[in-house]
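The values are calculated or read from the model by the stated rules, or taken from the named source; none is laboratory data. Fair warning: this is a prediction, and the values are worked out from it, not measured in the lab. Ideal geometry is used to build each Cβ from the backbone, glycine not excepted, and the neighbour counts take in all protein chains shown.
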Amino acid sequence: MSELKQISRSIIEEIEDGEISSKEEVEKRKKELCRNSGFSGMPKNADILSFREDQEKKAKKVLMKKPTRSISGIANIAIMARPAPCGGGCIYCPKGEDAPQSYTGKEPATRRAIRNQYDPFDQAHDRLEQYEKNGHSIDKSKLIIMGGTFPFQDPDYQKKFMKRAFDGFNSYPDKDEIQDTDEYDGADSLKQAKKTNETAQVRNVGVTFETRPDIAETKHIDRILEMGGTRVEMGVQTVFDETHELTNRGHGMQPVIEATRRLKNAGFKVAYHLMLGLPGEGYEEDIEKFKKTFSDSDLQPDEVKIYPCEVIQGTELYRQYEEGEFDPISDEEAKERLKEILKNEIPPHVRVKRVMRDIPSTEVDAGPQLTNMRQMALQEIHDEGERCRCTRCREVGHMERTHNLEPQEEDIELVERDYSASEGHEYFLSYEDTKKDILLGFIRLRTTEQSFREEIDENTLLVRQLKVLGSATDLGESGSVQHQGFGRELMNQAEEKARELNKDKVCVISAVGTREYYRKLGYELDGPYMSKRLT
């Protein structure tokens with residue numbers, strides 16, 4: 001047995017026996033074992049994990065790197081499309097060498113894409129392998145398609161890209177047998193690649209596309225559905241037409257309103273990118289931006305990403321900054337605005353998906369650069385005796401990890417919230433520990449009379465999202481929150497709500513890798529959806 005294996009097995013067994021229970025204790029034990037054995041260097045946790053047996057669950061939990069990557073229940077696989085124009089000309093938007101629009105080329109995802117020559121197959125394998133080495137389960141993985149405005153690319157390229165991405169998921173378990181990935185043909189078509197993934201070992205449980213509001217017409221949405229899309233992020237940035245004009249965004253709020261309505265009526269989860277500290281916007285405008293986002297029934301996104309405005313060389317904003325025409329906000333100013341937004345402006349059915357972009361500080365000439373701004377803001381909010389109640393902050397995995405709070409079965413209740421949005425009506429049903437405010441699972445339902453999709457009419461209840469929370473687990477593995485039956489019960493509640501509203505059909509925007517789950521509940525393939533007629 002090699003020295004590395006001996007050290008690794010010793011640490012794994014001590015974790016399983018309860019002698020080691022934290023990463024700090026792991027590091028201390030590593031040093032002791034390496035010193036005693038004369039082993040040169042220090043083994044990485046990923047190296048130790050490679051000697052773990054499947055049944056050794058405690059070791060996986062303690063040694064796993066970056067647990068927040070899958071603490072919500074899913075591994076997120078971000079891949080990037082080739083560099084191409086996006087259809088806009090925003091003054092703050094960077095364009096790095098050999099990088100897509102709005103990227104510098106130095107972000108981790110961009111570097112990974114460049115390393116893999118923007119091949120979606122190789123990018124998928126690369127990222128899946130990283131997750132696996134760090135101890136994360138990859139059986140249920142989402143695809144996030146990055147790189148400017150993907151729906152603005154050539155339609156044939158889009159479909160080939162997505163087929164190759166699904167081929168990457170489907171072939172990953174056999175990756176060691178593939179000699180030349182460039183020569184790997186995979187499925188005959190995108191349709192076949194999706195069909196294969198329905199029962200693959202690495203199943204896709206969601207696909208996110210990024211787009212501009214003016215590139216979200218019915219033809220774009222139909223194509224996104226064909227490619228397996230379930231969620232769309234839109235670069236909205238502000239809710240003020242004056243700022244859109246000032247920053248040369250290329251559209252105003254009307255396309256945002258129309259795109260939001262079309263996407264929701266097609267069943268999509270909708271996320272907005274919103275910026276702090278844009279030209280012409282001060283503290284009051286930034287707070288009002290979020291008030292309007294969640295009070296105006298024409299908006300009401302399900303998720304938001306919050307990005308402070310940064311000055312990057314090569315942009316028009318950089319010229320304005322150099323000539324004294326623009327004064328960016330500081331880290332402290334951004335943090336104070338963020339605190340106010342998180343405390344008071346985010347509804348409990350909305351997720352704050354991200355704060356700050358992944359642009360390295362070396363690429364930012366001015367503006368906020370605090371990479372852990374969200375963490376610092378939340379800590380200060382907590383110290384002040386308040387909290388953010390977005391779904392991310394309330395979900396069971398985060399509550400266990402950050403506050404050491406676990407739900408009690410006797411305190412779990414079904415909670416219903418409803419609101420009007422985009423000329424329809426939304427129902428957010430959730431299972432929560434109402435005493436500790438812990439979120440265990442939820443479902444987003446919608447009624448509308450205006451969908452352009454033939455599968456959806458006024459007698460249809462749309463399921464836009466079903467989410468059971470908790471750390472990602474392998475398919476079929478029991479014992480986690482994801483396998484306590486909350487998903488099935490939430491679907492039962494959806495069907496009850498449909499009957500209550502006199503709807504005779506429930507239609508789910510299902511990822512290809514979750515179709516088998518819905519089949520077991522009596523749903524059938526209905527175009528890109530899974531549907532069930534109620535009797």
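Details
- Listed conditions (1) among the aliphatic types (A, V, I, L, M); (2) in a helix (DSSP H, G or I); (3) surrounded by fewer than 20 Cβ atoms within 10 Å (Cβ to Cβ) are all met by Ile221, apart from (3).
- Long-range neighbours under 6 Å by Cβ, at least six apart or interchain, first residue farther than 22 Å from Ser137 by Cα within the range 180-205, second part of a helix (DSSP H, G or I) and aliphatic (A, V, I, L, M): Ala187/Ala193; Leu190/Met162
- Answer from Gln313, Gln320 - the residue that is more than 29 Å from Ile438 (Cβ to Cβ), assigned by TED's automatic domain parsing to the domain that holds Gln254, surrounded by fewer than 21 Cβ atoms within 10 Å (Cβ to Cβ) and touching a helix residue (DSSP H, G or I) at 6+ places or on another chain (Cβ under 9 Å): Gln313
- Among the candidates Ile79, Ile20, the residue that is buried (at least 16 other Cβ atoms within 10 Å of the Cβ), modelled with pLDDT of 80 or more and more than 28 Å from His251 (Cβ to Cβ) is uniquely Ile20.
- Test result for Arg515, at pLDDT 95 or above, in a loop (DSSP other than H, G, I, E, B) and under 27 Å from the mean Cα position of the chain (by Cα): no
- Residue match in the range 171-190 (condition: closer than 19 Å to Ile74 by Cβ and touching a Gly at 6+ places or on another chain (Cβ under 8 Å)): no
- Top-ranked residue of the range 178-200 - restricted to ones that are of a type in the set (Lys, Arg) and either out of contact with any Phe, Trp or Tyr (no Cβ under 9 Å at 6 or more places or on another chain) or in a loop (DSSP other than H, G, I, E, B) (or both), ranked as surrounded by the most Cβ atoms within 10 Å (Cβ to Cβ): Lys195
- Residue check, Arg337 among the basic types (Lys, Arg) and in contact with a strand residue (DSSP E or B) (Cβ under 6 Å, 6 or more places away or on another chain): yes
- The number of residues in the range 125-159 that are assigned to a helix (DSSP H, G or I), closer than 29 Å to Asp214 by Cα and touching a residue at least 24 places away in the same chain (Cβ under 8 Å) comes to 7.
- Some residue of the range 45-57 being without any contact (Cβ under 8 Å) to a residue 60 or more places away in the chain, within 30 Å of Thr391 (Cα to Cα) and not assigned by TED's automatic domain parsing to the domain that holds Asp365: yes
- Check on Arg115, touching a residue at least 60 places away in the same chain (Cβ under 8 Å), surrounded by fewer than 24 Cβ atoms within 10 Å (Cβ to Cβ) and of a type in the set (D, E, K, R): no
- Verdict on Thr460 being at pLDDT 95 or above, closer than 26 Å to His136 by Cα and touching a strand residue (DSSP E or B) at 6+ places or on another chain (Cβ under 6 Å): no
- All positions within the range 92-107 that are of a type in the set (D, E, K, R) and closer than 11 Å to Ile312 by Cβ: Lys95, Lys106
- Among the residues of the range 332-373, those identified as touching a residue at least 24 places away in the same chain (Cβ under 8 Å), part of a loop (DSSP other than H, G, I, E, B) and either within 20 Å of the chain's Cα centre (by Cα) or not assigned by TED's automatic domain parsing to the domain that holds Gly235 (or both) are Ile346, Pro347, Pro348, His349, Val350, Met356, Arg357, Asp358, Ile359.
- Scanning the range 2-17 for residues being more than 16 Å from Leu49 (Cβ to Cβ) and either in contact (Cβ under 8 Å) with a residue 40 or more places away in the chain or in a helix (DSSP H, G or I) (or both) gives a total of 1.
- Residue satisfying condition, being buried (at least 22 other Cβ atoms within 10 Å of the Cβ), basic (Lys, Arg) and either at pLDDT 95 or above or part of a strand (DSSP E or B) (or both), within set Lys467, Lys436: Lys467
- Qualifying residue in the range 267-290 (condition: farther than 27 Å from Asp457 by Cα, surrounded by fewer than 17 Cβ atoms within 10 Å (Cβ to Cβ) and among the acidic types (Asp, Glu)): yes
- For the residues Ala84, Ala78, Ala113, the requirement of being over 17 Å from Asn134 (Cα atoms) and either among the acidic types (Asp, Glu) or not in a helix (DSSP H, G or I) (or both) singles out Ala84.
- Against the test of being within 20 Å of Thr181 (Cα to Cα), in the same structural domain as Cys309 (by TED's automatic domain parsing), out of contact with any strand residue (DSSP E or B) (no Cβ under 6 Å at 6 or more places or on another chain) and in a loop (DSSP other than H, G, I, E, B), the options Tyr103, Tyr92, Tyr118 yield a single qualifying residue, Tyr118.
Listed here are the residues, each with its yes/no results for (1) among the basic types (Lys, Arg); (2) under 22 Å from Ile257 (Cβ atoms); (3) in the same structural domain as Arg488 (by TED's automatic domain parsing).
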site	(1), (2), (3)
Asp418	no, yes, yes
Glu423	no, yes, yes
Leu429	no, no, yes
Glu432	no, no, yes
Lys435	yes, no, yes
Leu440	no, no, yes
Ser451	no, yes, yes
